[in-house]
1. List the helices (runs of 4 or more DSSP H) inside region 264-374, counting only whole elements, that have at least 1 residues being farther than 26 Å from Pro102 by Cα and modelled with pLDDT of 95 or more.
2. Which of (1) over 19 Å from Ala235 (Cα atoms); (2) hydrophobic (A, V, I, L, M, F, W, C); (3) under 22 Å from the mean Cα position of the chain (by Cα); (4) assigned by TED's automatic domain parsing to the domain that holds Ser268 does Leu183 not meet, given it meets every other one?
3. From the list Asp80, Asp179, Asp114, pick out the single residue that is in contact with a helix residue (DSSP H, G or I) (Cβ under 7 Å, 6 or more places away or on another chain) and acidic (Asp, Glu).
4. Any idea which residue in region 22-51 is farthest from Lys69 (Cα to Cα), counting only those that are free of Cβ contacts under 8 Å to residues at least 40 places away in the same chain and of a type in the set (D, E, K, R)?
5. Any idea how many residues of region 103-136 are within 21 Å of Arg150 (Cβ to Cβ) and without any contact (Cβ under 8 Å) to a residue 24 or more places away in the chain?
6. Criterion first (on the phi < 0 side of the Ramachandran plot and not assigned by TED's automatic domain parsing to the domain that holds Leu7) does Val101 satisfy it?
7. Which of the numbered conditions does Glu141 fail, given that it passes all the others? Conditions: (1) out of contact with any helix residue (DSSP H, G or I) (no Cβ under 8 Å at 6 or more places or on another chain); (2) assigned to a loop (DSSP other than H, G, I, E, B).
8. Quick check: is even one residue across region 153-166 touching a strand residue (DSSP E or B) at 6+ places or on another chain (Cβ under 8 Å) and in a loop (DSSP other than H, G, I, E, B)?
Amino acid sequence: MNLLEILKFAEEYLKKYSFSKPRLEAEKLVSYVLNLDRIALYIHHERELNDEEKNMIKHYLKKMTKDNKIFDEVKEEKKDFRTENMEIFKKSIDYLEKNGVPNPKTDTEYIFSDILGISRNMLNMSMAREISEEKKNKIKEMLIARGKNRKPLQYILGEWEFYGYPFKTDERALIPRPDTEILVEQCKILMYEKEDCNILDIGTGSGAISIVLAKELPNSKVLGLDISEKALELANENKILNSVENVDFILSNLFEKVQDKKFDLIVSNPPYISFNEYQELMPEVKKYEPQNALTDMGNGLYFYEEITASADKYLNDNGYLAFEIGYNQANDLKKILEKNNFTLTSLIKDYGGNDRVIIAKKQKVDDEDVHIFE
């Protein structure tokens, strides 16, 4: 139940027991439990309450009705833990900063919010409440994993949002990144007005691209391929998590298991980091994320070459090929696409102004062109 539903429940409950101002009493009770001003209750009306908060509200409702007393007469004095908690919070930021974590404050907010069971925008308002020793220990464990061990925050939390959808995240596959949302958005635009489109996602990893396209394009059929059985296990878990039916995942080395199938769109975010660039990556990436999903151990172009060389056979007429690319690979990709008879249609930049997504269209050879070679 969210905050607004809890407020309505409390009001109706007190009204049933003939309290003269049930709404006011409900607001006082809930604001006390959540450490919020009464007016702030309606600002955060969609907030989900955790079990501890709901149980405390039930406790006071029963006490009020049993003793027939208003909330001010039954409430207990609470110690304000804000100073203590803010000191722990500050020390946590300092710890991550000393260990070279790039965004220590943001990561600390995510860790505290996860353990306390609240959203980040509610964190400051919840600092007046006591944090149990058990939760403090869990926060400490997460901070050590993030700071000392440099484990990615997304793997520590075990879940991350991509394109507004939740995804399980662990070392079986790459962490879904904001740049890839640009690729998904462009694919969605390409296929939006096409009925019953078939989409192939090569190197699906966690299934993020496939699942989001399947959710956003409910009339589509999406097939995700990967060479890693562990990655496909994770992709299928994310399929269940997002309750999506029009997507399937199969084990396949590129096009190996999709013979005789045709698609309107082939999309891929392949391992495009060159081996030299891979050596310079941040420790959390090199140590935890699967190497074969990051680099081809060469110049970063291998999978673009392989996919583009075969894509024509698996695309319908006027079908599209869409890639996420490295910041310095646009010119190389243009040459690869032209060599394989694809027409470049779009080159899209990321939020940092770097080339990030390239889209090409299958060239249709008409009858006149065929006669030239007769």
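1. Values: elements: 275-278, 283-288, 302-314, 330-339, 367-372.
Fully inside region 264-374 and qualifying: 302-314, 330-339.
2. (1)
3. On the way: Asp80 fails: in contact with a helix residue (DSSP H, G or I) (Cβ under 7 Å, 6 or more places away or on another chain); Asp179 fails: in contact with a helix residue (DSSP H, G or I) (Cβ under 7 Å, 6 or more places away or on another chain).
After ruling out the rest, the residue left standing is Asp114.
4. Quick first cut of region 22-51, residues free of Cβ contacts under 8 Å to residues at least 40 places away in the same chain only: 22-24, 26-27, 30-31, 33, 37-39, 41-43, 51.
Now restrict to residues that are of a type in the set (D, E, K, R): 23, 27, 37-38, 51.
On the way: Arg23: 15, Glu27: 15, Asp37: 22, Arg38: 20, Asp51: 25 Å.
The qualifying residue farthest from Lys69 (Cα to Cα) is Asp51.
5. Start the filter on region 103-136 by keeping residues that are within 21 Å of Arg150 (Cβ to Cβ), which leaves 103-115.
Right, trim to without any contact (Cβ under 8 Å) to a residue 24 or more places away in the chain and you get 103-106, 109, 113.
Count: 6.
6. Values: on the phi < 0 side of the Ramachandran plot: yes; not assigned by TED's automatic domain parsing to the domain that holds Leu7: yes.
For Val101, the condition - on the phi < 0 side of the Ramachandran plot and not assigned by TED's automatic domain parsing to the domain that holds Leu7 - is met.
7. Among (1) out of contact with any helix residue (DSSP H, G or I) (no Cβ under 8 Å at 6 or more places or on another chain); (2) assigned to a loop (DSSP other than H, G, I, E, B), the lone unmet condition for Glu141 is (2).
8. Yes: one or more hits.
The values are calculated or read from the model by the stated rules, or taken from the named source; none is laboratory data. In this text the structure is predicted, and so the values were computed from the model without any measurement. Note that each Cβ is placed from the backbone with ideal geometry, even for glycine, and that neighbours are counted across all protein chains shown.
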